[in-house]
Amino acid sequence: MPAKDPKEVFLVLLSNVRESVERASNVYDEIAQAAKDPDIKEVLEARAFIKRTILERLDQCFKILGEKPMPLPGRLRETFLEDFKGQLNEIQGPVARRLFALAKIVHFANFRVGEYKALTVAADLTGHHAVGLLLESCLADTEVFIERNRRLIRRLAEERIGERLAA
């Protein structure tokens with residue numbers, strides 16, 4: 001879709017993020033299912049709740065702009081999932097599977113952080129400071145999710161180190 005000015009580019013990017021957030025729950029559900037880990041499932045269920053509030057904020061961005069989300073093509077999330085499943089199937093140990101799933105969750109969420117940071121700058125460039133505020137709140141929620149997953153990874157590593165030292 002050709003864009004003529006910064007506002008149109010901004011709307012394309014915002015539409016992409018909104019669609020991605022909406023479809024991300026499928027990615028997280030598949031990761032939780034594939035990892036078969038109760039801690040990961042619990043974290044991702046909480047993420048699903050937060051996702052609903054993020055969608056509401058993104059919808060409010062479109063309302064402020066007086067626009068509707070654009071339908072967009074793209075297979076990035078599907079490609080990510082296909083790669084994840086293929087790599088996870090090659091990992092045998094439950095701890096290694098858990099670590100891999102947590103790392104991929106952080107990887108996927110960090111991609112979203114980059115999108116929110118770019119959109120926040122774009123909102124400021126187009127003079128939509130209220131939209132920028134809403135986007136920064138979505139960014140903050142995503143960064144908290146990443147930090148919680150980082151702590152899970154650290155706890156997993158500490159448990160493994162403790163087991164090795166005890167043996």
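The values are calculated or read from the model by the stated rules, or taken from the named source; none is laboratory data. This structure is a prediction, so every number in the text was calculated from the model and none was measured. Heads up, the Cβs are rebuilt from the backbone with ideal geometry, glycines too, and the neighbour counts pull from every protein chain shown.
The table for this structure:
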{"item": "For Asp29: the one exception among (1) assigned to a helix (DSSP H, G or I); (2) at pLDDT 80 or above; (3) acidic (Asp, Glu)", "result": "(2)"}
{"item": "Condition broken by His128, with the remaining ones in (1) farther than 30 Å from Pro38 by Cβ; (2) modelled with pLDDT of 95 or more satisfied", "result": "(2)"}
{"item": "Any hit, the stretch 88-106, residues being among the polar types (S, T, N, Q) and farther than 16 Å from Ile31 by Cβ", "result": "yes"}
{"item": "Helices (runs of 4 or more DSSP H) fully within the stretch 67-167 counting 2 or more residues that are touching a Ser or Thr at 6+ places or on another chain (Cβ under 8 Å), of a type in the set (Phe, Trp, Tyr) and surrounded by fewer than 12 Cβ atoms within 10 Å (Cβ to Cβ)", "result": "none"}
{"item": "Some residue of the stretch 93-104 being touching a residue at least 24 places away in the same chain (Cβ under 8 Å) and within 26 Å of Val9 (Cα to Cα)", "result": "no"}
{"item": "Qualifying positions in the stretch 32-66 - in contact (Cβ under 8 Å) with a residue 40 or more places away in the chain, part of a loop (DSSP other than H, G, I, E, B) and out of contact with any helix residue (DSSP H, G or I) (no Cβ under 7 Å at 6 or more places or on another chain)", "result": "Lys36"}
{"item": "Matching residues, the stretch 126-167, being in contact (Cβ under 8 Å) with a residue 40 or more places away in the chain, of a type in the set (A, V, I, L, M) and closer than 30 Å to Ile64 by Cβ", "result": "Ala130, Val131, Leu134, Leu135, Ile146"}
{"item": "Unique match (being at pLDDT below 90, among the hydrophobic types (A, V, I, L, M, F, W, C) and farther than 26 Å from Glu158 by Cβ) among Leu119, Leu102, Leu76", "result": "Leu76"}
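Residue by residue, here is whether (1) of a type in the set (Gly, Ala, Ser); (2) under 25 Å from Val131 (Cα atoms) holds:
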{"position": "Glu42", "(1), (2)": "no, no"}
{"position": "Ala48", "(1), (2)": "yes, yes"}
{"position": "Lys51", "(1), (2)": "no, yes"}
{"position": "Leu58", "(1), (2)": "no, yes"}
{"position": "Phe62", "(1), (2)": "no, yes"}
{"position": "Lys68", "(1), (2)": "no, yes"}
{"position": "Asp83", "(1), (2)": "no, no"}
{"position": "Leu88", "(1), (2)": "no, no"}
